[in-house]
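Working notes, structure below.
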Amino acid sequence: MGICVAMSVVSVALRVAVRLMVVVGAFSSAAAAADLDVIVNRHDGTIELFVSTPAENFVSVFGLPAERLVEPDGTVDFAPLRANGTFEMADEMIATTSATLDGTPMVFEGLSLMLHPLDEKQPFGTPFEAFLAIAVCTFNDPATRLTLQQLHGYAGFIADVGDIDGMVRLRLPRTGHDELRVLVRDFRSGAAALPYEVRVGDGKAFEIRGDFSTPLSWLWVLLLLSGALGAGVALRLRRIGSTGASAVRRGPVSGATTAPR
């Protein structure tokens, strides 16, 4: 009976581990497929907003004038962007998006806007990685100028709010764009909520819930505990099986030496 119970525990632990691994894998797949990847970072009376998206979405989704990014021939010259900075472009970009925190208007200011070649996309999973993506130029100017379609964009914004908790609601401008797959990641003072995906139509709003009742860290804790539990019980079963097999092997030998002839 003990072995049956232990095997049931192993089965449950393995099922939990597999399901958690599927959830983690789904997050990674969603990030790869998203049209717009959004990170919100709440701390010290401020809310920071970071976006990662194909560079052409800066124009087609957020309504940034194309001439702010491209030359008359349709390519991007990085030299003036480096020389003049891009925080004013970030201001223009976010000005087309309305934002509220629990219904109260928020005013975001631009931090920076960056463009990177598609083969040099930056890590974008945490606020720290988002900061690096908008703050560091990590590549040399390409030998041939690239178009927006050959670039990936990152932008960051900040708003002073006092109370960092609550639901952030962002309404994108009406620019005629197709429905977007938006991946939302929400952080508060280092804690991460579970990511989720929403579909956002042209000129529509989406919500960043601010729900930290099930922080992402617990997902990893459950994954580790379930894996450890399964491994521990499996090892115990192996020892029980080995002991039983040894006893069976020794039984006939003992009987053979003591049985009357």
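FYI, it's all coordinate maths here, none of it is from the lab. Keep in mind it's a predicted model, so treat the numbers as computed, not measured. Reconstructed Cβ throughout: ideal geometry from the backbone, glycine too, with neighbour counts over all protein chains shown.
Brief remarks follow.
- Computed lengthening from L118 to E179, 0.36 nm per intervening residue step minus Cα-Cα distance: 19.7 nm
- S213 versus T126: modelled label distance in nm, points set 7 Å from Cα along the beta carbon direction: 2.7 nm
- Listed peptides 116-128, 71-83 by packing density, highest first (mean Cβ within 10 Å): 116-128, 71-83
- Karplus (6.51, -1.76, 1.60) ³J(HN,Hα), θ = phi - 60°, over the stretch 74-82, in Hz, Gly and Pro reported as x: x, 9, 9, 9, 6, 4, x, 5, 5
- Label-point gap, in nm, between K204 and D102 - each point 7 angstrom along Cα→Cβ: 2.7 nm
- From the largest down, the stretch 34-218 spans 49, 32, 26 angstrom on the principal axes of its Cα atoms.
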